[in-house]
Amino acid sequence: MRDRDVLENNPQITCSALEAIHSQVFGWALSRCNFDHAVAEDLMQQAYVELLNGNARFDNKSSLKTFVFGVVQNLARSRFRRLASRLRLVRRYEHMPAEVSDDVTEPDTNNLIWAAVRRLPARQRDIVELVFCREMTIEEASLVMGVSVGTGRVHYDRAKKALQAHLQHHWESGQ
């Protein structure tokens, strides 16, 4: 008899495993759509439909979390592909992710850091969010972003250096 927790068209995935990562995946979906809850809910629903009907097939080549983040990323890309050339999601980090705000004691410092993150190029912002907020490795984040691990490492290194330079300048100038 088949385990009731396993998805019929995706036998490598269990419902309980999806439930365990749902809030993290939803946070990622929010960041992919400028924190528009309705669009993020649509992306999540679309992702679950893809998983349920087997169009997005999990083959254990990565972790389930990385795989589902990638499904959401690809759905978001296709949804915004026509707008991407004209519209940058400028306010993507307007609302700080909840996972970060609970751990930081100084709101001014936290706002300063996220203001600096907003100034980064898109791929550097993405890798910073995936690694620091979504607790992924650089390798997993690279998979989600659809870039090689080497490219992911370069974006990560450049993002850290740019953030360090910006924050150091800010604290030295006393602004």
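General observations
- The set of residues from segment 1-54 being polar (S, T, N, Q), over 24 Å from GLU135 (Cα atoms) and touching a helix residue (DSSP H, G or I) at 6+ places or on another chain (Cβ under 8 Å) comprises ASN9, ASN10.
- Search result, residues across segment 11-53 that are surrounded by 14 or more Cβ atoms within 10 Å (Cβ to Cβ) and not in a helix (DSSP H, G or I): ILE13, THR14, CYS33, ASN34, PHE35, ASP36
Yes/no matrix, rows are residues, columns are (1) assigned by TED's automatic domain parsing to the domain that holds PRO11; (2) modelled with pLDDT under 65; (3) touching a Cys at 6+ places or on another chain (Cβ under 8 Å):
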| site | (1), (2), (3) |
| --- | --- |
| GLN73 | yes, no, no |
| ALA98 | no, yes, no |
| ASP102 | no, yes, no |
| THR105 | no, yes, no |
| ASN110 | no, no, no |
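- In segment 139-160, the residues that are in the same structural domain as GLU129 (by TED's automatic domain parsing) and at negative phi reach residues that are among the aromatic types (Phe, Trp, Tyr) and crowded, with 19+ Cβ neighbours inside 10 Å with C-beta atoms within less than 6 angstrom, at least six apart or across chains, in these pairs: VAL144/PHE69.
- Residue check: SER63 meets all listed conditions (1) among the hydroxyl-bearing types (Ser, Thr, Tyr); (2) touching a Leu at 6+ places or on another chain (Cβ under 8 Å); (3) surrounded by fewer than 18 Cβ atoms within 10 Å (Cβ to Cβ) but one, namely (2).
- Among residues of segment 111-160 being outside any helix (DSSP H, G or I) and closer than 16 Å to THR66 by Cβ, the one that is farthest from the chain's Cα centre (by Cα) is SER148.
The values are calculated or read from the model by the stated rules, or taken from the named source; none is laboratory data. Here the structure is a predicted model, which means the values were calculated and not measured. FYI the Cβ positions are ideal-geometry reconstructions off the backbone, even for glycines, and counts take in every protein chain you see.
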